[in-house]
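Engineer: Here you go, one structure.
Rule-based calculations on the coordinates, nothing more; no lab input. Since the model is a prediction, treat every value here as computed from it, not as a measurement. Cβ coordinates were reconstructed from backbone atoms using ideal geometry, including for glycine residues, and neighbour counts include every protein chain displayed.
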Amino acid sequence: MSIPFVAQIALVACQGCATLLLVLRLLPGRTRRPPIAPLLGDAHAGRVTVVVTSLDEVHRIGPCLDGLRQQGAAMLEALIVDSRSKDGTWELIQAAAAADPRIVPMHDDPLPPEWVGKVWALEHGLRHAKGDWVLGIDADTTPQPGLVAAAVNAAEEFGYDAVSFAPRFNEMTVAEQWLQPAMLTTLVYRFGAAGEKAPAPDRVMANGQCFLAKRATLLANGGYSSARRSWCDDVTLARHMARNGARVGFLDGAHIIGVRAYSGIGQMWREWGRSIDLKDGTTPLTQFFDVCFVLLTQFLPLPSIVIGLLLGAPSWQALSVAGVWFWMNVALVAIRVLLTFGLAGSYAERHWTFWVSFTADPVAAIRIVLSSLKRPRQWRTRHYEADTVVAT
């Protein structure tokens, strides 16, 4: 048996195992919970402290502040923790506070060593929170009326101590809708879709753009300190809490919160791509297998089909190694195309590029590899030394 043939057998075997694992991960998506609906009225009155972190967000924070002002009685207070912005963000926050006394502007304390700025701001907000629940919301989100009450209602209905919500993506450019769904798919392939049954603690997924937790549970778990050095603080915190016995969920929030996080495909590539490997929330060995899994299921299929067609596509009845390899990759692309329809509800608008976003899968897989090889050094306008912020 020649070495190339042995290599072919090994590749087909590895990709076959990855395909089987992918199918097992995606099957529960058929019965996942539908998106959480807004809850209007006075339900859960005075139970929630919202914490929003900001740093030079003048062009993004307006819709967030407007959305908070439209929340019902469930929102006891909204602490807007600003890290001394210099672009007019503070003035916008003060104007919102003048219009709604529940909105409380505050500055966080000086950043301690080995803390990421956003996580430190969340910790500052937690120390001032009065509500039974603490809801962290990013400044670039748009809370829909009824978000706060709906989040608490879902948490209590499903028995969660902490739960985060996947958003609806708004106002995306044609270029973004080609690449972003492919990058989102890397998360779905690795961890399943929002709304599925909670997995093992080390596979828990979370979204810090809308992350709700019982204040008592947060305090019992050391606040946000477990994620103080993490660039994927939401996942790191969620897994830390789950390992300590908390019930942690991840639900579809497309009807209660939207996000326009990036100004273009370049910023999306840098900002989202910097931590999409989630290395701060997992072990190096698990991260290695996750990267290999993405390469086998997203990077290889399209190039493999192109190579197969150039060499002459084998019949589906062919029992050769090359035949099995070719048609397995055809199946992987078909799965990815079908998933596009499952992701459609997460996008407010869908350009034509969304429907062909599967062609960006190899690019998204490359981004995962690049992210796993390099540690981020910047959050918004803050820069960090390479050895200041390290994985926990």
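Engineer: Could you work out the helix-only [θ] at 222 nm for the chain, with each DSSP H run of four or more residues adding -39,500 (n - 2.57) and the total divided by the number of residues, to the nearest 500 deg cm²/dmol?
Structural biologist: Working: 14 runs with 169 residues, N = 392.
My calculation for the chain gives -13500 deg cm²/dmol from helical runs alone.
Engineer: Subtracting the Cα-Cα distance from 0.36 nm times the residue separation, let me have the gained length for residue 374 to residue 320 in nm, one decimal. Please list the in-between numbers first.
Structural biologist: Working: separation 54, 0.36 × 54 = 19.44 nm, distance 3.99 nm.
Taking 0.36 nm per residue and subtracting the Cα distance, the gain is 15.4 nm.
Engineer: Under 28 Å between alpha carbons, and skipping anything fewer than 8 positions from residue 214 in its own chain: which lysines qualify?
Structural biologist: By straight Cα distance, residue 214 reaches 118, 130, 197, 279.
Engineer: Please check which bits of region 138-156 a label hung off residue 33 would reach, taking the label as a point 7 Å along Cα-to-C-beta and the cut-off as backbone N under 16 Å.
Structural biologist: 147-156
Engineer: I would also like to ask the following. Of 228, 84, 274, how do they rank once you tally other Cβ atoms within 10 Å and put the fewest first?
Structural biologist: Going from least to most buried by this count: 84, 274, 228.
Engineer: Separate question: According to the square roots a ≥ b ≥ c of the eigenvalues of the Cα gyration tensor, what is the shape class of region 134-214, taking rounded for a/c under 1.5, prolate for a/b larger than b/c otherwise, and oblate for the remainder?
Structural biologist: oblate
Engineer: While we're looking at this one, here's another question. Using the Karplus curve 6.51 cos²θ - 1.76 cosθ + 1.60 with θ = phi - 60°, work out ³J(HN,Hα) for each residue of region 267-275 in order, rounded to whole Hz, and write x for Gly and Pro.
Structural biologist: Using θ = phi - 60°, the values come out as 5, 4, 4, 6, 6, 6, x, 5, 10 Hz.
Engineer: In the chain, with Lys and Arg counted as +1 and Asp and Glu as -1 at Cβ, which of these residues, 37, 351, 192, has the Cα nearest the positive end of the dipole, that is, farthest along it?
Structural biologist: 192
Engineer: Please order 268, 106, 205 by the number of other Cβ within 10 Å, starting at the fewest.
Structural biologist: If I rank by nearby Cβ atoms, fewest first, I get 106, 268, 205.
Engineer: In which sequence would 291, 330 go, from the one with the fewest C-beta neighbours within 10 Å to the one with the most?
Structural biologist: 330, 291
Engineer: Alpha carbon centre of region 92-121 versus region 282-357: separation in Å?
Structural biologist: Answer, in whole Å: 43.
Engineer: When a/c reaches 1.5 or more, the comparison of a/b and b/c decides; with that in mind, is region 10-104 rounded, prolate or oblate per its Cα gyration tensor? Intermediate values should be presented prior to the final figure.
Structural biologist: Details: a/c = 4.33, a/b = 1.92, b/c = 2.26.
In terms of gyration-tensor shape, oblate.
Engineer: Could you size up the charge dipole of the chain around its Cα centre, putting +1 on the beta carbon of Lys and Arg and -1 on that of Asp and Glu, and report it in debye to the nearest 20? Walk me through the intermediate numbers first.
Structural biologist: On the way: 36 positive and 34 negative charges, 155 e Å.
For this selection, approximately 740 debye.
Engineer: Would you please state which residues of region 44-81 a label at residue 87 would reach in this model, taking the label point 7 Å out along Cα→Cβ and a backbone N cut-off of under 18 Å?
Structural biologist: 52-66, 81
Engineer: Spin-label point model (7 Å from Cα, Cβ direction): what's the residue 244 to residue 24 distance in nm?
Structural biologist: Modelled inter-label distance: 3.1 nm.
Engineer: Suppose each label sits 7 Å from its Cα in the direction of the beta carbon; what would the residue 355-residue 130 distance come out to in nanometres?
Structural biologist: Calculated label separation equals 5.3 nm.
Engineer: So, one more: Kirkwood Rh over alpha-carbon pairs of region 87-139, then Stokes-Einstein at 10 °C and 1.306 mPa s: what D in µm² s⁻¹, rounded to an integer?
Structural biologist: 126
Engineer: Put a dot 7 Å past each Cα toward the Cβ at residue 225 and residue 17; how far apart are the dots in nm?
Structural biologist: Reported label-point gap for residue 17 and residue 225 is 4.0 nm.
Engineer: Who wins for biggest fluctuation among 61, 335, 257 in a Gaussian network model of the chain, springs between alpha carbons below 10 Å?
Structural biologist: 335
Engineer: Name the most mobile residue of 89, 186, 31, meaning the one with the largest mean-square fluctuation, in a Gaussian network model of the chain with Cα contacts below 10 Å.
Structural biologist: 31
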